[in-house]
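*Asks:* Pasting in a structure now, in structure tokens, and then I'll have a few things to ask.
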Amino acid sequence: MTTIETNPTAVPPVQPTRKRRQPRRKTAATVAWIIGIVLLTAVVLYPLLWMISASLKPSAEFGSNQSFLPENPTFDNFVKVMEGVAGIPTWRFFWNSTILGIGAVIGTVISSSMAAYAFARLDFKGRPLFFTMMIGTLLLPFHVLIIPQYIVFRNLGMVDTFLPLLVGKFLATEAFFVFLMVQFIRNLPKELDEAARIDGCGHWRIFWSITIPLIKPALITSSIFAFIWSWNDFLGPLLYLNSPENYPLPLALRVFNDQTSGSDYGATVAISVLALLPVMLFFIIFQRFLVAGVATQGLKG
């Protein structure tokens, strides 16, 4: 008969311990943080919410009703806006702004990317000087260039056309976008260019097949800013466009205010809401590329 020996020094089995509950202070801090974020978001979005609410107010209510919500909400302002003004349909203003916005995006992306590739990858005489001069143009206010630019475009017969507002976009005159793309291209490994040259690629093939796909965040970021700046531009169209049928939306807002020697606040706010929708949609669709572009600025290739 066998006996089972017991070891008095054996360690007893460890009992599983229960997970400690999170302290109440941490939960309270999380709730307070969420409430703070919600309040901050409400403060930031308040102008937008007020604009949407005001667009539903009748024009006579703007002077008497100072509350956030309209007393007698109506869609008459949007109906009035869609009917047009001075015999010009509202869709014409949207079409003009769309042409200027898309033209600005195409011109900025093409010209700025090519100029950025030249500054970042090509070795030519005077490159540091030209790059410094380009960056120096950022210090020049637009108002200093108004008169000489207007004289040039008037002598060329381009006044009252879209050309003065688009020609500069195709000539890489936006130094901010060129500088942004230069920083992206400089962070790309030069070994990619050297491997492409071994395969017989020239600068154009390297630029189109290697550089452009790798700087997509910079291209999207530039497109977003170029579209928004062009869509919201008021001073440029005011200087160069004389015919109402060529007006973009920012000038159409002024037309709605001056059409009866008074101010139709309801129609003005309504068309402002409509003018804001394309910009918001454009930003929402491409915002992930904008975040990626900002996030990759600190990375080195």
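*Asks:* Right, PHE94: assigned to a helix (DSSP H, G or I) and among the aromatic types (Phe, Trp, Tyr) or not?
*Replies:* Yes; evaluated as a whole, the condition is true for this residue.
*Asks:* Among the residues of the range 39-62 satisfying the criterion of being touching a Phe, Trp or Tyr at 6+ places or on another chain (Cβ under 9 Å) and assigned to a loop (DSSP other than H, G, I, E, B), which is farthest from ALA275 (Cα to Cα)?
*Replies:* PHE62
*Asks:* Another question about this same structure. Any residue in the range 138-149 that is assigned to a helix (DSSP H, G or I), of a type in the set (Phe, Trp, Tyr) and over 29 Å from LEU277 (Cα atoms)?
*Replies:* no
*Asks:* Is there any pair linking a residue in the range 202-229 that is buried (at least 19 other Cβ atoms within 10 Å of the Cβ) to one that is modelled with pLDDT under 90 and among the charged types (D, E, K, R), with Cβ under 7 Å and at least six apart or on different chains, and which?
*Replies:* As it stands, the answer is ILE206/ASP193, since those pairs meet every condition given.
*Asks:* Filter the range 153-201 down to the residues that are part of a helix (DSSP H, G or I) and touching an Asp or Glu at 6+ places or on another chain (Cβ under 9 Å), then identify the one that is surrounded by the most Cβ atoms within 10 Å (Cβ to Cβ).
*Replies:* From the range 153-201, those part of a helix (DSSP H, G or I) are 153-155, 163-171, 175-186, 190-198; that's our starting set.
The next check asks that each one be touching an Asp or Glu at 6+ places or on another chain (Cβ under 9 Å); those that pass are 165, 168.
Numbers: LEU165: 22, GLY168: 18.
Going through the qualifying residues, I end up with LEU165.
*Asks:* Give the residue, chosen from LEU165, LEU219, that is in contact with a Pro (Cβ under 7 Å, 6 or more places away or on another chain), at pLDDT 90 or above and closer than 29 Å to LEU281 by Cβ.
*Replies:* LEU165
*Asks:* Output the number of the condition that GLN66 fails; it satisfies all remaining conditions of (1) in a helix (DSSP H, G or I); (2) modelled with pLDDT under 85; (3) exposed (fewer than 11 other Cβ atoms within 10 Å of the Cβ).
*Replies:* All conditions are met except number (1).
*Asks:* VAL85 versus (1) closer than 23 Å to PRO278 by Cα; (2) of a type in the set (A, V, I, L, M); (3) exposed (fewer than 15 other Cβ atoms within 10 Å of the Cβ); (4) more than 21 Å from the chain's Cα centre (by Cα): which is the lone unmet condition?
*Replies:* (3)
*Asks:* Does SER209 meet the test of being outside any loop (DSSP other than H, G, I, E, B) and either under 30 Å from GLY84 (Cβ atoms) or not polar (S, T, N, Q) (or both)?
*Replies:* On the way: outside any loop (DSSP other than H, G, I, E, B): yes; either under 30 Å from GLY84 (Cβ atoms) or not polar (S, T, N, Q) (or both): no.
Spelling it out, it is not the case that SER209 is outside any loop (DSSP other than H, G, I, E, B) and either under 30 Å from GLY84 (Cβ atoms) or not polar (S, T, N, Q) (or both).
*Asks:* Is it the case that some residue within the range 239-253 is crowded, with 22+ Cβ neighbours inside 10 Å and assigned to a helix (DSSP H, G or I)? So that I can check it myself, show each step before the final result.
*Replies:* Here is the first cut: in the range 239-253, the ones crowded, with 22+ Cβ neighbours inside 10 Å are 247-249, 252.
Okay, now just the ones that are also assigned to a helix (DSSP H, G or I), so 249, 252.
Yes, the range 239-253 has at least one match.
The values are calculated or read from the model by the stated rules, or taken from the named source; none is laboratory data. None of these values were measured; they are calculated from a predicted model. Glycine also receives a Cβ, built like all others from the backbone with ideal geometry; neighbour counts cover every protein chain displayed.
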